[in-house]
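What follows is a single structure, written as structure tokens, with notes after it.
Rule-based calculations on the coordinates, nothing more; no lab input. Remember, predicted model here, so these are calculated numbers, not experimental data. Cβ sites come from the backbone with ideal geometry, for glycine too, and all protein chains shown count toward neighbours.
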């Protein structure tokens with residue numbers, strides 16, 4: 001009988017450039033498994049949009065594995081050793097994860113196997129470099145992004161060349177008494193069919209990731225540095241959910257940039273896109289060295305900051321009913337697609353924190369539940385950046401004016417009109433701030449403030465001054 005190797009899929013839901021999977025295939029017949037481990041995740045358990053994505057992704061992965069993917073639900077610290085014993089596995093492989101709860105769980109599992117006659121294979125397949133590989137010359141982690149990228153990443157050994165998918169995988173014969181359940185029994189889909197509006201916007205799986213990369217390289221990379229700030233333009237990759245779930249590796253993207261043959265694409269666009277990949281790496285470095293990143297501000301002086309608790313304001317922000325068109329457009333894009341343009345993410349986050357004076361953790365929690373690319377490291381690091389309490393943070397007194405931001409980055413109003421159609425007939429002069437429009441202009445456009453579209457829930461100027469006063473008191 002051939003030796004059995006278990007590969008435990010987590011956030012590496014692909015066959016190509018999956019080093020841990022490739023090593024497992026070399027060991028013998030493969031038993032591929034996925035475990036929904038909410039037991040150990042606790043408060044970091046996946047949100048609704050992520051669970052929908054995972055449901056679809058597991059179905060696609062099972063097809064790639066010719067129906068051999070085994071699904072389980074529960075505490076992986078118990079399930080993985082039981083499976084190894086049940087099948088007499090020679091080795092268990094997995095791709096490293098870096099969330100604190102996963103690292104603690106994985107160490108506990110490794111310690112169990114170290115005491116038994118079963119080996120483990122644990123390899124990086126999610127990052128360009130391990131978090132501990134990019135450090136300053138004194139051996140401490142970077143706290144500022146630009147030197148992390150320029151002096152750390154760009155001076156480090158280049159990311160490994162991507163691997164092809166394993167050929168002719170030999171699968172272990174499944175045993176019906178091993179506790180496996182069906183995809184439906186994982187209960188990943190939300191009770192309310194909200195997810196059905198997300199589906200048309202995404203092609204989930206490894207093939208979808210590769211298609212998204214090709215589309216971006218062909219149509220979006222040229223002009224990326226400036227165009228990425230305009231939400232109505234195609235200069236964004238939309239690769240973040242594919243990276244998070246491991247449908248594509250960052251190595252594959254990095255080397256695809258190296259392989260570009262189009263001399264018409266300016267170096268500045270390629271460099272800036274690489275810096276976005278590096279921001280993801282920086283976020284994981286921050287999380288690795290600061291396990292409380294999702295809960296505590298990196299700058300201690302913000303620990304006692306007095307936030308306002310106004311459920312009605314928070315709800316209006318969540319629903320895209322603030323009366324500030326660019327903010328509402330972003331929040332509605334999120335709800336309808338599970339995604340939000342990066343520039344708009346900064347605008348809506350600044351509005352929640354600086355204008356509504358709401359704790360950044362409330363925004364982080366909403367994004368965690370509604371983003372298909374919800375990523376513990378990137379989500380927390382980015383919210384702390386906007387809040388001014390993180391590493392390399394935008395100063396707290398840097399407050400985005402949502403009207404000016406809209407006028408600059410959605411100058412033709414295309415993005416707002418798409419997601420806030422009740423304002424679509426307003427001329428650009430008033431589209432970004434309908435509360436200043438004359439009554440006859442509003443009437444002609446079919447807009448009744450407070451009825452067809454909300455009046456602003458906050459005065460932008462007064463709330464900005466209040467935020468600055470609060471910051472001065474903190475300092």
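Values computed for the structure shown
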item: Degrees, to the nearest 10: 460-474 long Cα axis against longest axis of the chain; result: 60
item: Under the Debye formula (equal points on every Cα, no solvent term), log10 I(q)/I(0) of segment 300-474 at q = 0.09, 0.19 Å⁻¹; result: -0.30, -1.27
item: Stretch gain in nm, segment residue 214-residue 63, where the contour uses 0.36 nm per residue and the Cα spacing is subtracted; result: 52.1 nm
item: Sorted peptide list for 460-473, 203-216, criterion being average Cβ within 10 angstrom, highest first; result: 203-216, 460-473
item: Full-stretch length increase - residue 137, residue 191 - with 0.36 nm per residue and alpha-carbon distance subtracted; result: 14.3 nm
item: Crossing angle, helix 376-387 versus the chain [Cα axis fit, 0-90 degrees, rounded to tens]; result: 20
item: Taking all pairs of distinct alpha-carbon atoms in segment 248-308, Kirkwood radius in angstrom; result: 14.5
item: Antiparallel bridge percentage (DSSP; both residues within the chain; nearest 5); result: 5
item: Stretch gain in nm, segment residue 26-residue 108, where the contour uses 0.36 nm per residue and the Cα spacing is subtracted; result: 27.0 nm
item: Scattering curve values for segment 77-217, log₁₀ I(q)/I(0), Debye with Cα scatterers, q = 0.09, 0.12, 0.18, 0.21 Å⁻¹; result: -0.50, -0.88, -1.30, -1.31
item: Pair residue 414, residue 398: separation of 7 Å Cα→Cβ label points (nm); result: 2.7
item: Segment 228-381: equivalent-ellipsoid semi-axes (sqrt of 5 x gyration tensor eigenvalues, Cα, Å); result: 30, 20, 13
item: Helical mean residue ellipticity (222 nm; -39500 (n - 2.57) per DSSP H run of 4+; nearest 500) of the chain; result: -13000 deg cm²/dmol
item: Relative contact order computed over the chain (Cα-Cα under 8 Å; 6+ residues apart), in percent; result: 16
item: Label zone at residue 222 (point 7 Å along Cα-to-Cβ), backbone N below 11 Å, segment 242-278; result: 262-266
item: Largest-first principal axis extents, alpha carbons of the chain, Å; result: 82, 51, 50
item: Where labels lie 7 Å past Cα in the beta-carbon direction, separation of residue 448 and residue 115 in nm; result: 7.1
item: Efficiency of FRET from Cβ geometry, residue 468 and residue 144, R₀ 22 Å, rounded to 0.05; result: 0.35
item: Label-point separation, residue 161 to residue 308 (7 Å along Cα→Cβ), nm; result: 5.8
item: Label zone at residue 428 (point 7 Å along Cα-to-Cβ), backbone N below 20 Å, segment 201-235; result: 226-235
item: 0 to 90° range, to nearest 10: angle between helix 76-87 axis and the chain longest Cα axis; result: 30
item: Value of Rg to Rh for segment 4-125 (Rh from inverse mean 1/r over Cα pairs, i.e. Kirkwood); result: 0.93
